[in-house]
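For reference, the structure discussed in these notes is given below.
The values are calculated or read from the model by the stated rules, or taken from the named source; none is laboratory data. All of these numbers come straight from a predicted model, not from anything done at the bench. Note: ideal-geometry Cβ built from the backbone for every residue, glycine included; neighbour counts use all protein chains shown.
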Amino acid sequence: MENKYAQYKRKKRSSLRKASEGMTAAIILIAFIITAAGIAFVILTMGSSMQLELANVGDEGKDAASSALQVEGGIVTGWSPGSGIDAFAFNVKLVLSTGQVDLTNTSIVVWLKIGTGEEVDCANAGTPFTSLTTASASSSNEYTVAFVEGTGSVITADEMARFYISSSSAAAESSEVVIAINTGVALLKITKMIPVGLSSGMNIL
């Protein structure tokens, strides 16, 4: 029969083992809680960051949409006999009924590419071209813009402006012409093929 001292030692060892197991379980539980809290913090931080980025993207998309231009009608060309097309005119307006674009803004970039040639930046001519004839008379890659409907320098809904572009090199029949207008927020890119049978004032749809 087990004596009282042996019983005491066995019970003490059992109590110590249970206490150790309980402490281990508590440590594991605390570790899980700390890990879960850390993961939750990371998820919340990432969620806030993604929400902010999406909001910024949305704002940029709205700015681009409200600053987008479209061609209204065709592209009228000026023709130099024996050379080819060396002037272009076309009307633009806003794509949406909201927003505005400052057409005198220095951030506006106009460039021209004829055939297999290089993209050429067009400078603002300063003195406005009033017709294809005056644009054709320029020997430089230049552009001017004037309001057809509306006034001032900012184009808004229901207003329309006319771009005149002169080219230092002429586009021959069956050559491709690319005109781009970058408002600083949105890009209008026009690609046209010069048809056979050049004539002054030709309208390329």
Worksheet entry | Hey, TRP79 part of a strand (DSSP E or B), of a type in the set (Phe, Trp, Tyr), modelled with pLDDT under 85 and closer than 24 Å to GLU173 by Cβ or not | yes
Worksheet entry | Subset tally (residues that are over 17 Å from GLY152 (Cα atoms) and within 29 Å of the chain's Cα centre (by Cα)) for the stretch 78-134 | 25
Worksheet item: Tally time: how many residues in the stretch 142-188 are part of a strand (DSSP E or B), out of contact with any Cys (no Cβ under 9 Å at 6 or more places or on another chain) and of a type in the set (Gly, Ala, Ser)?
Response: 7
Practice prompt. Could you run through the stretch 129-141 and say how many residues are part of a helix (DSSP H, G or I) and exposed (fewer than 14 other Cβ atoms within 10 Å of the Cβ)?
Written response: 1
Worksheet item: Here are some residues: LYS62, LYS113, LYS93. Which one is modelled with pLDDT under 85 and not in a loop (DSSP other than H, G, I, E, B)?
Response: LYS62
Item to complete: Check the stretch 192-203 and report whether any residue there is without any contact (Cβ under 8 Å) to a residue 24 or more places away in the chain and either crowded, with 19+ Cβ neighbours inside 10 Å or closer than 13 Å to PHE88 by Cβ (or both).
Response: no
Practice prompt. Give the number of residues within the stretch 154-191 that are among the hydroxyl-bearing types (Ser, Thr, Tyr), within 19 Å of VAL71 (Cα to Cα) and surrounded by 13 or more Cβ atoms within 10 Å (Cβ to Cβ).
Written response: 4
Response to the item:
Among (1) within 26 Å of the chain's Cα centre (by Cα); (2) under 22 Å from ASP86 (Cα atoms), LEU187 falls short only on (2)
Item to complete: Identify, from the list ILE165, ILE194, the residue that is closer than 22 Å to ALA125 by Cβ and assigned by TED's automatic domain parsing to the domain that holds GLU119.
Response: ILE165
Worksheet item: Picking from GLY126, GLY73, GLY84, which residue would you name as being among the small types (Gly, Ala, Ser), in contact with a Leu (Cβ under 7 Å, 6 or more places away or on another chain), in the same structural domain as LYS192 (by TED's automatic domain parsing) and at positive phi?
Response: GLY84
